[in-house]
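The structure under discussion appears below in the form of structure tokens.
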Amino acid sequence: MQTEVIMAGFGGQGVITAGYLLAQAALAEEREVTWLPSYGPEMRGGTANCTVVVGDEPIGSPLVSAPKVAVVMNRPSLEKFAPKLKPGGLLVVDSCLIPIRSDRTDIREFRIRADDLAVSAGSRKGANLAMLGALLGILPLVSRETAEKIIGKHFAKKPQFIESNLQAFLLGFEQAKAGKSDE
């Protein structure tokens, strides 16, 4: 089985980092994985996205034209990637920054107030991790425990960010696990 994930938003929102953490967690679980970041003309404020492919067998290409999953943190990303999702796919949306819904009726759309969760966890910068938590709460590509270990390792050189990032991740995970999509 292979799952293609696009994570997208403005540069500076941490979508590249969230994708990298997902890829590292998949590697830690000895899965096949590719991670392909893509930046717009400006890193901060421009668009950024990454593609993560996780599988049980070797992956032929990191390029994905029709992903199974899109995690979007801004409206331009919703408008660009929602139409590309495979029918039956999953769209995870930061509803704090995207007040509209996709017009797709053949996919599952999960809306989460990621910015609000991150603020309640201690830092708005953790919204990307709330989104990653929501993704893994819906679709367990890797275990929660492995993701937590990878987050801790990633922020080891900045220990002041570990607790708020883990908390944001867990808040997103638990909300998604409970099926509490913002409508």
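Computed values, structure above
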{"read-out": "Residue among 150, 138 that is in contact (Cβ under 8 Å) with a residue 12 or more places away in the chain, surrounded by 16 or more Cβ atoms within 10 Å (Cβ to Cβ) and touching a strand residue (DSSP E or B) at 6+ places or on another chain (Cβ under 9 Å)", "value": "138"}
{"read-out": "Residue check for residue 53: closer than 26 Å to residue 115 by Cβ, among the aliphatic types (A, V, I, L, M) and surrounded by 20 or more Cβ atoms within 10 Å (Cβ to Cβ)", "value": "no"}
{"read-out": "Selected residue (criterion: farthest from residue 90 (Cα to Cα)) from residues of the range 122-135 that are surrounded by fewer than 21 Cβ atoms within 10 Å (Cβ to Cβ) and either in contact with an Asp or Glu (Cβ under 9 Å, 6 or more places away or on another chain) or modelled with pLDDT of 95 or more (or both)", "value": "122"}
{"read-out": "The range 54-78: number of residues that are part of a strand (DSSP E or B) and closer than 23 Å to residue 178 by Cα", "value": "4"}
{"read-out": "Among (1) surrounded by fewer than 18 Cβ atoms within 10 Å (Cβ to Cβ); (2) at pLDDT 95 or above - the single one residue 177 does not satisfy", "value": "(2)"}
{"read-out": "Residue check for residue 81: in contact with a strand residue (DSSP E or B) (Cβ under 6 Å, 6 or more places away or on another chain), aromatic (Phe, Trp, Tyr) and in a helix (DSSP H, G or I)", "value": "yes"}
{"read-out": "Residue match in the range 70-77 (condition: closer than 25 Å to residue 147 by Cα, in contact with a Lys or Arg (Cβ under 7 Å, 6 or more places away or on another chain) and not charged (D, E, K, R))", "value": "no"}
{"read-out": "Extreme residue, farthest from the chain's Cα centre (by Cα), among residues of the range 88-136 that are among the basic types (Lys, Arg) and part of a loop (DSSP other than H, G, I, E, B)", "value": "104"}
{"read-out": "Qualifying positions in the range 153-166 - farther than 14 Å from residue 19 by Cα and either in contact with a helix residue (DSSP H, G or I) (Cβ under 7 Å, 6 or more places away or on another chain) or crowded, with 21+ Cβ neighbours inside 10 Å (or both)", "value": "155, 162, 164, 165, 166"}
{"read-out": "So residue 169, is it surrounded by 24 or more Cβ atoms within 10 Å (Cβ to Cβ) and at pLDDT 95 or above", "value": "yes"}
{"read-out": "Whichever residue in the range 2-35 is more than 12 Å from the chain's Cα centre (by Cα), modelled with pLDDT of 95 or more and within 19 Å of residue 131 (Cβ to Cβ) and, among such residues, is surrounded by the fewest Cβ atoms within 10 Å (Cβ to Cβ)", "value": "3"}
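The values are calculated or read from the model by the stated rules, or taken from the named source; none is laboratory data. Nothing here was measured: the structure is a model prediction, and the numbers come from that model. Virtual Cβ from ideal backbone geometry, glycine too; neighbours counted across all protein chains shown.
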